[in-house]
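Asker: Quick one: the structure is below, questions incoming.
The values are calculated or read from the model by the stated rules, or taken from the named source; none is laboratory data. None of these values were measured; they are calculated from a predicted model. Note that each Cβ is placed from the backbone with ideal geometry, even for glycine, and that neighbours are counted across all protein chains shown. When the accessible area is computed, the model is the full protein with side chains, heavy atoms only, and any ligands, DNA or RNA have been set aside. Shrake-Rupley method; radii C 1.70, N 1.55, O 1.52, S 1.80 Å.
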Amino acid sequence: MKLSIYLVICFLLISGVSAFIFINDIEKNIYNLGDKVNVSGYLVNDKDESGILELSLDCTKKSNLLVKIIHLKREKPYNFSEEVPLISNTLGKCGILSSFLINSTLADSTYSNEFILTDELEGAFSIDKKIIQQGNDIDIKGHINKKNNESINGIVILSFFLGDELYLIKNSGITNNLDLKLDTSNFIPGKYNLDIIAKDPYGNKKNFQKVANFEIVNEVSVSVDANKKEVLPGVNVFVYGKANTILKESFRDGKVIIQFDNSEYKAKLMDNGWFNYELFIPKDIKSGEHKIKVVVTDNFGNKGENGVSINVLSVPTNLSFFGLDEKFSPNEDIVIGTFLYDQAGDLINELINIKIVDLENKTLLYRSVKSGSEINFKMPERQHTNLKVIGEAGIVQENIISIEKASSLDFEVINQTLIIENKGNTKYNEPIKINISSSDVTSVLIKKTSLGPGEKLKINLNREAKTGIYNIDVDSKVFKNVYIVGLGDKPYNLIYWVFVVIFLIVCWYILFFRRKMKLLKALREKRNLLRKKLGLSDNTDKVKKDIYKNNILRKFEEQERKTTKSLKFNFKKEKNDAGFYDLSRNYVKQDNSSANNNYPLSQTWKEEFVGWNNKKEKKKDSDEDSGLFNMFD
């Protein structure tokens, strides 16, 4: 070093130059704007003088770095070392121009070695997760350095791109390193790319493109089930399940909405993500498949849903008959519509057992038909009371078939007889007008009637007209050319009917009264014969008389009274008197507990009486037989 200085001094003395400046090489090959560079060197002058040391940055354009006044001693080197920041509007290859001015006149200048001046920065970044549940924070970390590996202090601009569109710009200061927590509550779910622009106060900057990519998700995995898959209306179903994040973490701090049949119900979400709810199935719900939908949400916009299907069974609830609003006439054809509805009022396509009965519960029709079909039924011809239709298909429904009172007469002429029949279902009491007309005579016959349903009235036309051919007009119905042989042509008069009545009375006397007398006579003869057989007389023992009087005689007297009233004789018709003897013997055999226990019978008398009965009568009484059994002899 000293050698070089001596050489410089010698150069000054020989060349006549008054000052000389020297700069050492710049230490690094590349610098960032704002970096400080150490410029060192020395000055030598041949006399004592003061001057100005200027340091300039020359990068195609010059920019002053330092201006400093220094005092030089004659031939005494002045060493300098200055640390100056590199500030310039131009970048690229640069050098340090060192100049020494004496009295504003350039005494000497020199350039340093070349170096690169740049504004570029270097950096590396990372995020903690590639998939982030909406509402969770993103940890963005990184470092930004100058070319000398020195961290910058400045700002960063974070640009979030959703697809190819810029979604969000966020500024943040940086000191040494980047450590940023970013709330994703306001992010739209999707895939993002992150660009970072870093700047420092000296003008260094760098656009770091797609330094990171991540995805914001708001999906929640929901599992749901029910304890019953087939249910009846009006019961409870237990719905349960669990909610997890897309990262398989338990979903917390959310709410559960259960949607069913246009209604919503709130369930509690537990810390472990489980939920349950007891859901009531309405009684009037439609049958068929229904879905229970479960929606899980939170305040950050996370949402998940799932469902479970249940089958609601159809329950017969209403059985209706149509076509029965009016009253019906007998013999009328009616059509009955049958409709079976479930709990929701929907038609059920099932069989219905239909029965039509009268008021006495007699079945007139029994048939099974499908719901929604019709039944044809013909009213009985003379039905006059209401009927009842009964339907059964899980439920029983009864309806009344009202019968209208109907008056209807049917007319027919058979063998000179006009037959009037009540075809209606109510009694007919109106008089009937009958016109009997021929070519030369016309007569009107008015008949009073009292015909119940189904009853007939027969009118002999031969009693109402003489022999001839007539037209019979009754109730607008005409029977033409009816041939009548009139009874008026025969000598039937009042005397004829008087003789008929007398004849009938005589016949009655012969048949009944005479028979009655013969029966009474035969009965008395039997009684006297029995008295004679028993040997009863005035001297007979009192006990025997009492037995005969209180038993046998009383029986005969009772029979006489019955015969007198009814002309009947109830004793056995036998050719002998054994029947009477048996009757008497039975009374005689009565023990002491009988009605005659006040007069005990002697054993001898009983034996005698029994013996009488065993004797066969050889002689027959022809008068008695003929009187009792041959009444008309």
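Asker: What nm value, rounded to one decimal, do you get for the distance between Asn272 and Val498 when each label is placed 7 Å out toward the C-beta?
Answerer: About 12.4 nm, to one decimal.
Asker: Mark the label point 7 Å from the Cα of Asn262 along Cα→Cβ and return the residues of segment 282-301 whose backbone N is within less than 12 Å of it.
Answerer: The answer is 285-286, whose backbone nitrogens lie closer than 12 Å to the label point.
Asker: Contour minus end-to-end for Lys181 and Lys28, with contour as 0.36 nm per residue of separation and end-to-end as the Cα-Cα distance? Show your work: numbers first, answer last.
Answerer: Numbers: separation 153, 0.36 × 153 = 55.08 nm, distance 3.72 nm.
Stretched fully, the Lys181-Lys28 segment lengthens by 51.4 nm.
Asker: Please list the non-local residues whose amide H lies under 5 Å from the amide H of Leu269, H modeled 1.01 Å from N, same-chain partners needing a gap of 5 or more.
Answerer: Val256
Asker: Based on the alpha carbons, how large is the Rg to Rh ratio for segment 359-427 when Rh follows Kirkwood?
Answerer: On the way: Rg = 17.3 Å, Rh = 15.1 Å.
For segment 359-427, the value is 1.15.
Asker: Here is a follow-up. First compute the accessible area of segment 116-249 with a 1.4 Å probe, then give the percent of it belonging to carbon and sulfur atoms.
Answerer: Working: 3050 of 6930 Å².
Its accessible area is 44 percent carbon and sulfur atoms.
Asker: Contour minus end-to-end for Asn415 and Ile69, with contour as 0.36 nm per residue of separation and end-to-end as the Cα-Cα distance?
Answerer: Details: separation 346, 0.36 × 346 = 124.56 nm, distance 17.01 nm.
Difference between extended and current length: 107.5 nm.
Asker: Related question: So if the hydrodynamic radius of segment 306-431 is defined as the Kirkwood radius over C-alpha pairs, what does Stokes-Einstein give as its diffusion coefficient at 20 °C and 1.002 mPa s, in µm² per second? All intermediate terms of the calculation are to be shown ahead of the outcome.
Answerer: On the way: Rh = 17.0 Å.
Once the numbers are plugged in, D ends up at 126 µm²/s.
Asker: Can you tell me the alpha carbon radius of gyration of segment 48-126 divided by the globular rule-of-thumb value 2.2 N^0.38 Å?
Answerer: Details: Rg = 16.0 Å, N = 79, 2.2 N^0.38 = 11.6 Å.
Output field value: 1.38.
Asker: Going through the cross-link list Lys405/Lys448; Lys62/Lys210; Lys210/Lys293, which pairs have a Cα-Cα distance over 31 Å in this structure? Kindly include the intermediate steps, with their values, before the conclusion.
Answerer: Numbers: Lys405/Lys448 21 Å; Lys62/Lys210 37 Å; Lys210/Lys293 41 Å.
Table pairs above 31 Å Cα-Cα are Lys62/Lys210; Lys210/Lys293.
Asker: Right, next: Return the sequence-ordered ³J(HN,Hα) values of segment 257-269 in whole Hz as given by the Karplus equation 6.51 cos²θ - 1.76 cosθ + 1.60 applied to θ = phi - 60°, using x for Gly and Pro.
Answerer: 10, 9, 9, 8, 6, 6, 10, 10, 9, 9, 10, 8, 9
Asker: Per residue, how large is the accessible surface of segment 386-502? Use a 1.4 angstrom probe and give square angstrom. Mind showing how you got there, number by number?
Answerer: Values: 7280 Å² over 117 residues.
Ligands and nucleic acids excluded, the result is 62 Å² per residue.
Asker: Between Ser250 and Val478, with labels modelled 7 Å along Cα→Cβ, what's the label distance in nm to one decimal, could you check?
Answerer: About 10.5 nm, to one decimal.
Asker: Okay, next question. What percent of all Cα-Cα pairs in segment 107-174 falls in each 5 Å bin, counting up from 0?
Answerer: The distribution over segment 107-174 is 3, 11, 15, 20, 15, 11, 7, 5, 4, 3, 2, 2, 1, 0, 0, given as percents.
Asker: Sticking with this structure for a sec: Give the accessible surface of segment 89-223 per residue, rounded to a whole number of Å², with probe radius 1.4 Å and ligands, DNA and RNA excluded. Don't jump to the answer; show the numbers that get you there.
Answerer: Working: 6920 Å² over 135 residues.
Per residue, segment 89-223 has 51 Å² of solvent-accessible surface.
Asker: Rg (Å, one decimal) plus Dmax (Å, integer) for the alpha carbons of segment 393-524?
Answerer: Rg and Dmax of segment 393-524, Cα atoms, are 24.5, 78 Å.
Asker: Taking Cα centroids, how far is segment 124-172 from segment 42-60 in Å?
Answerer: Taking the Cα centre of segment 42-60 as reference, the centre of segment 124-172 is 47 Å away.
Asker: Which whole-Hz couplings ³J(HN,Hα) result when phi for each residue of segment 47-58 is put into the Karplus expression 6.51 cos²θ - 1.76 cosθ + 1.60, θ = phi - 60°, listed in order with x for Gly and Pro?
Answerer: Values per residue, Gly and Pro as x: 7, 6, 8, 10, x, 10, 9, 10, 10, 10, 9, 10 Hz.
Asker: Also, I was wondering about something else. Simple spin-label model, 7 Å along Cα-to-Cβ: Asp333 to Lys448 in nm?
Answerer: Distance between label points: 4.2 nm.
Asker: Taking the Kirkwood radius as the inverse of the mean 1/r across Cα pairs, report the Rg/Rh of segment 165-275. Don't skip to the answer; put the middle values down first.
Answerer: Details: Rg = 22.8 Å, Rh = 18.6 Å.
Rg/Rh: 1.23.
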